[in-house]
1. May I ask you to list the residues in segment 76-92 that are outside any loop (DSSP other than H, G, I, E, B) and at pLDDT 95 or above?
2. Please verify whether segment 79-101 includes one or more residues that are of a type in the set (A, V, I, L, M, F, W, C), in contact with a Gly (Cβ under 6 Å, 6 or more places away or on another chain) and closer than 23 Å to Ala46 by Cβ.
3. Please go through segment 220-230 and pick out each residue that is polar (S, T, N, Q) and assigned to a helix (DSSP H, G or I).
4. What are the residues in segment 79-100 that are among the hydrophobic types (A, V, I, L, M, F, W, C) and under 15 Å from Asp49 (Cβ atoms), if any?
5. Could you list all residues from segment 167-219 that are among the charged types (D, E, K, R), assigned to a strand (DSSP E or B) and closer than 18 Å to Gly74 by Cα?
6. Between Glu138, Glu149, Glu96, which is buried (at least 18 other Cβ atoms within 10 Å of the Cβ), of a type in the set (D, E, K, R) and closer than 20 Å to Pro33 by Cβ?
7. Mind listing whichever residues of segment 161-186 are of a type in the set (A, V, I, L, M, F, W, C), surrounded by fewer than 17 Cβ atoms within 10 Å (Cβ to Cβ) and within 15 Å of Val105 (Cβ to Cβ)?
8. Residues to consider are Leu201, Leu209, Leu228; find the one that is surrounded by 13 or more Cβ atoms within 10 Å (Cβ to Cβ) and of a type in the set (A, V, I, L, M, F, W, C).
Amino acid sequence: MISQSLHHNLPSTADLPCSDDTPVDNEDQNLLPNLLLLLLTHLWSARMDWYFGVDMAVYHTTGENPRVPVVPDGFLSLGVERKKGGKSRRSYATWEESDIVPSFVLEMVSHRPGSEYDEKVELYAKLGVLYYLAYNPEFWQRDGHQPFELYKLENGVYQLQIGEPYWMPEVGLGIGRYQGVVGGLPQEMLTWYNERGDRHLRPEEQERLQRERLEAFLRSQGIDPDQLPN
């Protein structure tokens, strides 16, 4: 952690860019992290001690210049306000967040060969991010990696973890892939899981499941749910 006196010499997020202005490589780089955010907003609606950022600049003091951010596709920080001072964040500066760094970072491997397996690995390790997920559904053969690689920081070095979905006890969530439907189209997606390895359902999925259970119960009682009075 840096001292409070040094905090006064650091810029405010009000004066820093919210991103690096680099366009996303493909639509999934925005879609999939936002789906994780929407589900987490549902799962943790009663909690005010977390923040999930999508394509947002993370400013830190572990690099050569605190004005140069890293911009993950998605990141989760714990122990911070969901709304900073009741307002939406423009960016995330660790020195304005009690020096709390993200516990989980997601990088989706780009069509253009990037730094997801080297430079960013070193950067996130130095920053102290506990879990780093490199999601590479399309280009893993090019890079010689697996489509889903989750790393945990152990003694300052990232170690590839085995198993999917993978439970992250320090975070209180599991992460993994599943085949779902978005906007009527089949799609592989990332999503959250519980400790038993069960996928957390989206709100609309929960409603559908409850409706199916109710209809099954009514039929077991000899009642046709399609013939109920309006």
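1. Within segment 76-92, the subset outside any loop (DSSP other than H, G, I, E, B) is 76-78, 84, 87, 92.
Result: Leu76, Ser77, Leu78, Tyr92.
2. The answer is yes; a qualifying residue exists.
3. Taking segment 220-230 and keeping what is polar (S, T, N, Q), we get 220-221, 227, 230.
Result: Ser220, Gln227.
4. Residues of segment 79-100 among the hydrophobic types (A, V, I, L, M, F, W, C): 80, 93, 95, 100.
Of everything in segment 79-100, those that are among the hydrophobic types (A, V, I, L, M, F, W, C) and under 15 Å from Asp49 (Cβ atoms) turn out to be Val80, Ile100.
5. Passing the criteria: Arg177, Glu188.
6. From the options Glu138, Glu149, Glu96, the qualifying one is Glu149.
7. Val171
8. Leu201
The values are calculated or read from the model by the stated rules, or taken from the named source; none is laboratory data. For clarity, every value in this text was computed on a predicted model and none was experimentally measured. A quick note on method: Cβ atoms are made from the backbone with ideal geometry, for glycine too, and the neighbour counts reach across all protein chains shown.
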